[in-house]
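These notes concern the structure reproduced below.
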Amino acid sequence: MVEHSTRCRPSIVKATALLPSQPVAPRRGAVILAAGASRRMGTPKALLAWKGSTLLEFALEQARAAAVDDVVVVLGPSMAHLDGSLGGAARAVINPRPETGRSVSIRLGSAALPDEIDAIVIQSVDQPTPVEVLRAMFAAVEHGDGRVAVPTYLGRRGHPVCFAGNLLPELRRVAEHDEGLRSVVRRHAAQLVEVPVNSESVLWNLNDPAAYAAAQARTE
């Protein structure tokens, strides 16, 4: 008779290699202000030709190239028809009274952003900003110690301004009587970082036909 061994065979445990966790990319937001009446320009600035498209389309293209996750465009009543042309590129909100100042537009645009945002750029549509500038400003807030980032060109401060996501509640409360966006920048002056860039455009304000023509000439 053959005896069978009663000893238990050792169990074999396969080791599972732990994969390193992938870093979560910061969530970026942008508010593009395009609700102004454009009285000095004489025509809606958002629709002005710029580098083969329009100022609004250019702003949206640069935001996408800068990996912005949530884009909000604030329009005035006369430009509400543009809402349907944005597609999935951005969300539009309407400022019913743009003549009261930019603060209402900033509040509306900020309110439309998700609470989980990590960094926010507030940009006027008449301030065409290339993707390189946007990337540099987001990086300054996301990976540095600053809560506010301002671009500089040859030592001069320009625009747009980038804010840390934890300042979103303050952006949702800005008011004209308190100097609007400047009040937020002023309160956090100790945590403001200047970001030197090579683009003169951060100093431009295309407020009238002469400024618009001069800026176009510099981009040719």
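The values are calculated or read from the model by the stated rules, or taken from the named source; none is laboratory data. Keep in mind it's a predicted model, so treat the numbers as computed, not measured. Here the Cβ is made from the backbone with ideal geometry for all residues, glycine too, and neighbour counts use every protein chain on show.
Determine if the stretch 51-62 includes at least one residue that is among the acidic types (Asp, Glu), closer than 24 Å to ALA164 by Cα and buried (at least 18 other Cβ atoms within 10 Å of the Cβ).
In the first step, residues of the stretch 51-62 are kept if they are among the acidic types (Asp, Glu); the result is 57, 61.
Checking which are closer than 24 Å to ALA164 by Cα leaves us with 61.
Cutting the leftovers down to buried (at least 18 other Cβ atoms within 10 Å of the Cβ) gives us none.
Scanning the stretch 51-62 turns up no residue that is among the acidic types (Asp, Glu), closer than 24 Å to ALA164 by Cα and buried (at least 18 other Cβ atoms within 10 Å of the Cβ).
Tally up the residues in the stretch 203-218 that are more than 15 Å from THR43 (Cβ to Cβ) and within 23 Å of the chain's Cα centre (by Cα), please.
Filtering the stretch 203-218 down to residues more than 15 Å from THR43 (Cβ to Cβ) leaves 203-205, 214-215, 217-218.
Adding the requirement that they be within 23 Å of the chain's Cα centre (by Cα) leaves 203-205, 215.
Within the stretch 203-218, residues that are more than 15 Å from THR43 (Cβ to Cβ) and within 23 Å of the chain's Cα centre (by Cα) number 4.
From the set of residues in the stretch 90-148 that are under 19 Å from LEU60 (Cβ atoms) and among the polar types (S, T, N, Q), which is surrounded by the fewest Cβ atoms within 10 Å (Cβ to Cβ)?
Among residues in the stretch 90-148 that are under 19 Å from LEU60 (Cβ atoms) and among the polar types (S, T, N, Q), the one surrounded by the fewest Cβ atoms within 10 Å (Cβ to Cβ) is GLN127.
Output the number of residues of the stretch 65-88 satisfying the condition of being in a loop (DSSP other than H, G, I, E, B) and surrounded by 14 or more Cβ atoms within 10 Å (Cβ to Cβ).
So the first thing to find is which residues in the stretch 65-88 are in a loop (DSSP other than H, G, I, E, B), and the list is 66-69, 76, 86-88.
Imposing the further condition that a residue be surrounded by 14 or more Cβ atoms within 10 Å (Cβ to Cβ) reduces the set to 66-69, 76, 86.
Summing the residues that are in a loop (DSSP other than H, G, I, E, B) and surrounded by 14 or more Cβ atoms within 10 Å (Cβ to Cβ) in the stretch 65-88 gives 6.
Identify all residues within the stretch 50-64 that are farther than 15 Å from ALA34 by Cβ and either without any contact (Cβ under 8 Å) to a residue 24 or more places away in the chain or part of a strand (DSSP E or B) (or both); write none if there are none.
Result: GLY52, single match.
Would you tally the residues in the stretch 162-197 being within 25 Å of ALA25 (Cβ to Cβ) and polar (S, T, N, Q)?
Of the residues in that region, 2 qualify.
Name the pairs: first residue in the stretch 191-220 and over 20 Å from LEU33 (Cβ atoms), second residue among the basic types (Lys, Arg), Cβ to Cβ under 8 Å, at least 6 apart or on different chains?
GLN191/ARG147; LEU192/ARG147; GLU194/ARG157; GLU200/ARG218; THR219/LYS51
Look through GLY29, GLY42 and report the one residue that is touching a strand residue (DSSP E or B) at 6+ places or on another chain (Cβ under 6 Å) and either at pLDDT below 90 or not aliphatic (A, V, I, L, M) (or both). Walk me through it before giving the result.
Working: GLY42 fails: touching a strand residue (DSSP E or B) at 6+ places or on another chain (Cβ under 6 Å).
From the options GLY29, GLY42, the qualifying one is GLY29.
Which of the numbered conditions does PRO160 fail, given that it passes all the others? Conditions: (1) modelled with pLDDT under 95; (2) closer than 30 Å to ARG39 by Cα; (3) not small (Gly, Ala, Ser).
Every listed condition holds for PRO160 apart from (1).
Name the single residue that is surrounded by the most Cβ atoms within 10 Å (Cβ to Cβ) among those in the stretch 149-169 being of a type outside the set (A, V, I, L, M, F, W, C) and in a loop (DSSP other than H, G, I, E, B). Working first, answer last.
Taking the stretch 149-169 first, the residues of a type outside the set (A, V, I, L, M, F, W, C) are 151-153, 155-160, 165-166, 169.
Among the residues that remain, those that are also in a loop (DSSP other than H, G, I, E, B) are: 155, 158-160.
Details: GLY155: 7, GLY158: 23, HIS159: 19, PRO160: 25.
Only one residue tops the list, namely PRO160.
Report whether or not VAL133 is in a strand (DSSP E or B) and either hydrophobic (A, V, I, L, M, F, W, C) or out of contact with any helix residue (DSSP H, G or I) (no Cβ under 7 Å at 6 or more places or on another chain) (or both).
Values: in a strand (DSSP E or B): no; either hydrophobic (A, V, I, L, M, F, W, C) or out of contact with any helix residue (DSSP H, G or I) (no Cβ under 7 Å at 6 or more places or on another chain) (or both): yes.
Answer is no for this residue.
Can you report the number of residues in the stretch 202-220 which are at pLDDT below 95 and part of a helix (DSSP H, G or I)? Full working, then the answer.
Our first condition is that a residue be at pLDDT below 95; within the stretch 202-220, this holds for 204-220.
Adding the requirement that they be part of a helix (DSSP H, G or I) leaves 209-219.
Adding up the residues that qualify gives 11.
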